[in-house]
Amino acid sequence: MKIAIIIPAYNEADLIHKTLDSLLAQTFKAEKIIVVDDGSTDETPQIIASYAEKHPEVELVEKNSEAAHLPGSKVVQAFNYGLNQLNTDYDLLCKFDADLIFPENYLETIKDAFSQNPKLGMYGGFCYVERNGNWELENLTNKDHIRGALKCYRKACFEAIGGLKT
């Protein structure tokens, strides 16, 4: 099963290296990791470029958009821009935030879930945040909801729903 990952990023210089390090250290590797820099004003694109130089599966895509805060739609626009640049065949398509740290078996867990259930269309996980040295479950949504920060789609499902819309 081939996994492609698209990560919209805007001013994530402080954390993007942790995200990429954790994805590159996975027990099951992604075929492609596209990071869409959406007009960052910090060192985000340079950091991504340095990873792309060393890791052929990592690709920097630069998108210049307005700095205006558009909840949800700016991220979806960046994701779709990256999707248009994707020239790697995939079975599973992930949209991840640029400030996440993944356990080393995260992609393997995703692959196994889709392999074990051919009807599974979407999959995700839970986000934990560090507070005072402890990792606590982020409670922005109920446990029956797939967080937008880390969604994975089976290709057929993604196409059937018409992709992501702003």
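Treating only the Cβ of Lys, Arg, Asp and Glu as charged (+1, +1, -1, -1), what charge dipole size does the chain show about its Cα centre? Round to the nearest 20 debye.
Here the size comes out at about 720 debye.
Taking Rg and Dmax of the Cα atoms in Å as the quantity of interest, determine which of (1) 15.2, 43; (2) 18.3, 64; (3) 22.9, 83 was computed from the displayed structure.
(1)
For VAL58, list long-range residues whose amide hydrogen, built 1.01 Å from N in the peptide plane, is under 5 Å from its own amide hydrogen.
Residues meeting the amide H criterion: ILE33.
Kindly list the residues of segment 21-37 that lie in the label zone of GLU130, defined by a backbone N under 15 Å from the point 7 Å along the Cα-to-C-beta vector.
21-22
Among ALA98, ALA30, ALA49, determine the one that fluctuates most according to a GNM of the chain built with springs between C-alpha atoms less than 10 Å apart.
Comparing ALA98, ALA30, ALA49 in a Gaussian network model of the chain, the most mobile one is ALA49.
Can you list residues whose amide H is under 5 Å from LYS2's amide H, if they're 5+ apart or on another chain and H is modeled 1.01 Å from N?
ASP91, LEU92
Show me, for segment 46-54, the HN-Hα J-couplings you get by feeding each phi into the Karplus relation (A = 6.51, B = -1.76, C = 1.60, θ = phi - 60°), rounded to Hz, glycine and proline as x.
So the Karplus estimates, Gly and Pro as x, are 5, 5, 4, 4, 5, 5, 4, 5, 9 Hz.
How much of the DSSP bridge set in segment 3-160 is antiparallel, in percent, rounded to the nearest 5?
45
Within the set of other residues whose C-beta is less than 13 Å from the C-beta of VAL61, count the net charge using Lys and Arg as +1 and Asp and Glu as -1.
Computed value for this residue: -2.
Applying the Karplus parametrisation 6.51 cos²θ - 1.76 cosθ + 1.60 with θ = phi - 60° to the phi angles of segment 8-13, what ³J(HN,Hα) value in whole Hz is obtained for each residue in order, glycine and proline being reported as x?
x, 9, 9, 6, 10, 4
Farthest toward the dipole's positive end in the chain, which of GLY39, THR109, LEU23, given Cβ charges of +1 (Lys, Arg) and -1 (Asp, Glu) about the Cα centre?
The residue sitting most towards the positive pole is THR109.
How large is ³J(HN,Hα) for each residue in segment 131-137, as worked out from phi by the Karplus curve 6.51 cos²θ - 1.76 cosθ + 1.60 (θ = phi - 60°), to whole Hz, x for Gly and Pro?
Those phi angles translate into 10, 6, x, 10, 8, 10, 4 Hz.
Sum -39500 (n - 2.57) across every DSSP H segment of at least 4 residues in the chain, then divide by the residue count to get the 222 nm mean residue ellipticity, nearest 500.
Result for the chain: -9000 deg cm²/dmol, rounded to the nearest 500.
On full extension of the chain, what length is gained from HIS55 through THR88, given 0.36 nm per residue of separation minus the C-alpha to C-alpha distance?
Length gained, HIS55 through THR88: 10.4 nm.
Pulled fully out, how much extra length does the chain show between ASP112 and ALA25, if you take 0.36 nm times their separation in residues and subtract their Cα-Cα distance?
Difference between extended and current length: 29.6 nm.
Cross-chain or 8 or more residues apart, Cα under 15 Å: how many lysine pairs in the chain fit that? Count them up, please.
Step by step, the pairs that qualify in the chain add up to 23.
What are the residues whose amide H is under 5 Å from the amide H of ALA13, where those residues sit 5 or more places off or on another chain and H is modelled from the backbone?
Distant-sequence amide H within range of ALA13: GLU43, THR44.
Bear in mind that the values in this text are calculations on the coordinates, not laboratory data. The structure displayed is predicted, hence computed values, not measured ones. All Cβ positions, glycine included, derive from the backbone under ideal geometry; neighbour counts span all protein chains shown.
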